[in-house]
Amino acid sequence: MSQPAPDEAFPPGAPFAPDLHDARHLWLKAGLLLAWVLASFVACYFARDLQVMVAGWPLGYWIAAQGAILAFLAVTVLYCVAMDRFERHDEAGDAAAVSAAAAPPSPDRPTHV
């Protein structure tokens, strides 16, 4: 049975490809979302109690105004690096599978099972 062309496999409006819901991707997304929540809401909530003044403003203001943005940028960069690593790993696995399938049978190994 032949596989459909990539355009036919997931027509517009169809759900995402199954490989986007791989367990590695879901754990990555969950971990980074947790880091974002901690940096955006939890740290800012507790930073209100910091009474240290920095440049005429409370330290809590600086953590909320700058720290949360920097944490969001760090989460974005980590996501990009991790997804690039996942894609490279998957491409290497696919290339190894294709080369193994295209290799001629070894004379030391029987061709039937």
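The values are calculated or read from the model by the stated rules, or taken from the named source; none is laboratory data. Being a predicted model, the structure only gives us computed values, none of them experimental. So basically every Cβ, Gly included, is an ideal-geometry build from the backbone, and we count neighbours across all protein chains shown. Note: accessible area is taken over every heavy atom of the protein model, side chains too, but ligands, DNA and RNA are not part of it. Shrake-Rupley method; radii C 1.70, N 1.55, O 1.52, S 1.80 Å.
Tell me which of these GLY56 doesn't satisfy, since it passes every other one: (1) open to solvent by less than 90 Å² (accessible area, probe 1.4 Å); (2) within 23 Å of the chain's Cα centre (by Cα); (3) farther than 28 Å from LEU34 by Cβ.
The single condition GLY56 does not satisfy is (2).
Can you name the number of the only condition in (1) assigned to a loop (DSSP other than H, G, I, E, B); (2) modelled with pLDDT of 60 or more; (3) open to solvent by less than 70 Å² (accessible area, probe 1.4 Å) that PRO12 fails?
Among (1) assigned to a loop (DSSP other than H, G, I, E, B); (2) modelled with pLDDT of 60 or more; (3) open to solvent by less than 70 Å² (accessible area, probe 1.4 Å), PRO12 violates only (3).
How many residues are under 17 Å from ALA30 (Cβ atoms), aliphatic (A, V, I, L, M) and open to solvent by less than 90 Å² (accessible area, probe 1.4 Å) when one looks only at segment 60-80?
Here the count works out to 3.
For segment 81-100, give me each residue that is over 28 Å from VAL37 (Cβ atoms) and surrounded by 10 or more Cβ atoms within 10 Å (Cβ to Cβ). Please lay out each step first, then the result.
Taking segment 81-100 as the starting set, the residues that turn out to be over 28 Å from VAL37 (Cβ atoms) are 88, 90-100.
Of everything in segment 81-100, those that are over 28 Å from VAL37 (Cβ atoms) and surrounded by 10 or more Cβ atoms within 10 Å (Cβ to Cβ) turn out to be ARG88, ASP90, GLU91, ALA92, GLY93, ASP94, ALA95, ALA96, ALA97, VAL98.
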